[in-house]
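Just so it is clear, none of the values below were taken in a lab; they were calculated from the coordinates. In this text, all values refer to a predicted model and were calculated from it rather than measured experimentally. As a convention, Cβ positions derive from the backbone with ideal geometry for all residues, glycine included, and neighbour counts pool all protein chains shown.
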Amino acid sequence: MRSRRIRALLAGGLVLGVGAAATLAAWNDSENTTATFTAGQFDIVGAVDGATFSQHPTAPGASLQFTLPTPAGAMTPGDTAYTLFSVKTATPSMAGTVQIKANSANSAGLGAYLTYRVRTITQLPCNATNFATGTDVPGLETGRPLTANATAAQALAADGAASINYCFAVTLPAGTPNAAQGTTLRAAWEFAATSAQ
């Protein structure tokens, strides 16, 4: 009787041993993946002639060429001078927005008397005729001090698809006092751009 029990236990152990061996012999397989991530680019360029675009990332930047109404190249009361600055995204670049910000030092010297207005135009050049058909930049309507900022941004298309042509009109108002005579100003503006989210 005792030998039968021993044989039964041994047989059971053999069965368990065979089961364990079958589990260890299972086949394996796997799948692997990789992914590459690349950050996009956002970049703008500007042009004083609406055609020759380049980067001006730091001050003093591009030199605006105002067309003055007097041959002497100096402003007198009642004069308005015009200039163009065009902005677009580079290629490649994602879309975004751009907003005009004036330098706070624009109030120095002659800047204490000058006013300005900015419009976007579709027809070049920037002159009195094309300015009259343009669209006001919010916050930069008639008679704004040279320290005024735009209150809204304009949309920039991706990959340089379209440019925004800003036409500046700077006026020395009629009735400007004698104290303005001989004063000067080197005004500055920033075209602050933000990528689309």
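Nearest 0.05, what FRET efficiency do residue 91 and residue 184 give at R0 = 41 Å with Cβ-Cβ as r?
0.60
At R0 = 45 Å, how high is the FRET efficiency between residue 112 and residue 37 if r is their beta carbon distance? Nearest 0.05 is fine.
0.30
Per-residue HN-Hα couplings for the range 127-139, Karplus 6.51 cos²θ - 1.76 cosθ + 1.60 at θ = phi - 60°, whole Hz, x for Gly and Pro?
Rounded to whole hertz, the list is 9, 4, 5, 6, 4, 4, 9, x, 10, 4, 7, x, x.
Using only alpha-carbon positions, what ratio does the radius of gyration of the chain give when scaled by 2.2 N^0.38 Å?
Taking N as the residue count of the chain, the ratio is 2.19.
Given Cα pairs under 8 Å that are at least 6 residues apart, what percent is the relative contact order of the chain?
That works out to 26 percent.
Please give the contour-minus-distance gain from residue 67 to residue 55: 0.36 nm per residue of separation, less the Cα-Cα distance, rounded to one decimal in nm.
2.0 nm
Test of understanding: ordering 189, 27 by Cβ neighbours within 10 Å, fewest first, what list do you get?
Listing 189, 27 from fewest to most nearby Cβ atoms yields 27, 189.
Which of the peptides 140-149, 93-102 is most tightly packed, and how do the rest follow, going by the mean number of other Cβ atoms within 10 Å of each residue?
93-102, 140-149
Between residue 155 and residue 129, take the C-beta separation as r, use R0 = 35 Å, and let me know the FRET efficiency to the nearest 0.05.
0.85
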